Every structure is written in structure tokens, then in C-alpha cells.
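See structure below.
The values are calculated or read from the model by the stated rules, or taken from the named source; none is laboratory data. Everything numeric here is computed off the predicted structure, so don't read it as measured data. Don't worry about glycine lacking a Cβ; one is built from the backbone with ideal geometry, like all the others, and counts go over all protein chains shown.
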Amino acid sequence: MKKRLITGALRQVGTELALTLIDQYGKGNIVLSDIHPLDNSQSQSGNEFIDDFPFYCVDCRDRKALSDLVRKYKFSRIYHLSALL
């Protein structure tokens with residue numbers, strides 16, 4: 001199964017999309033990223049399900065960091081939700 005990346009994943013639209021994609025592709029095929037690091041005091045951003053996904057703190061404006069992540073997982077689709085709302 002091909003992997004999917006969600007940028008801006010710690011916000012409302014990103015978390016809702018992740019929940020939807022789980023049903024279609026399974027947890028093992030979803031990777032989350034956000035410019036904000038996970039906050040341990042909030043149980044990984046307040047969403048327990050995030051613990052089940054690979055998470056990367058990446059600024060989408062950082063071409064090298066994003067490129068490295070894409071190269072590592074060979075994503076078939078990227079849902080770019082950073083700065084959506």
C-alpha cells in the first residue's frame with residue numbers, strides 16, 4: 001500500500017482527514033507532519049490517535065527537510081493542509 005503524508009496534521013482539518021484516511025488506507029500508511037512539535041503535556045497534542053502515526057516536525061517551507069521526508073517514505077499522495085485555516 002502506498003503512503004500518504006498530511007502536512008498541518010495537528011490542526012482540526014488535518015486530524016479529521018487522518019481519521020478518514022485510516023479507514024481507507026490503514027494506520028500504517030499515514031504519516032503526519034506539522035510545523036509545531038508535539039506537546040507531551042497534552043498527550044501528543046490532545047489527540048491520542050496521533051500516537052499511532054509516524055510524526056515529523058517539519059516546516060513545509062524547508063525544502064530539504066520536506067524532500068528528505070518524501071524520499072524516505074516515497075509518498076503516493078501529499079495532503080498539504082499547512083496554514084489552511
Original post:
So, of the residues in the range 14-28 that are surrounded by 16 or more Cβ atoms within 10 Å (Cβ to Cβ) and free of Cβ contacts under 8 Å to residues at least 60 places away in the same chain, which turns out to be farthest from Arg77 (Cα to Cα)?
Top reply: Thr15
Original post:
Any residue in the range 63-84 that is of a type in the set (D, E, K, R), surrounded by fewer than 17 Cβ atoms within 10 Å (Cβ to Cβ) and either modelled with pLDDT under 90 or within 9 Å of the chain's Cα centre (by Cα) (or both)?
Top reply: no
**OP:** Output the number of residues of the range 39-62 satisfying the condition of being within 27 Å of Met1 (Cβ to Cβ) and either surrounded by fewer than 17 Cβ atoms within 10 Å (Cβ to Cβ) or at pLDDT 85 or above (or both).
**Re:** 10
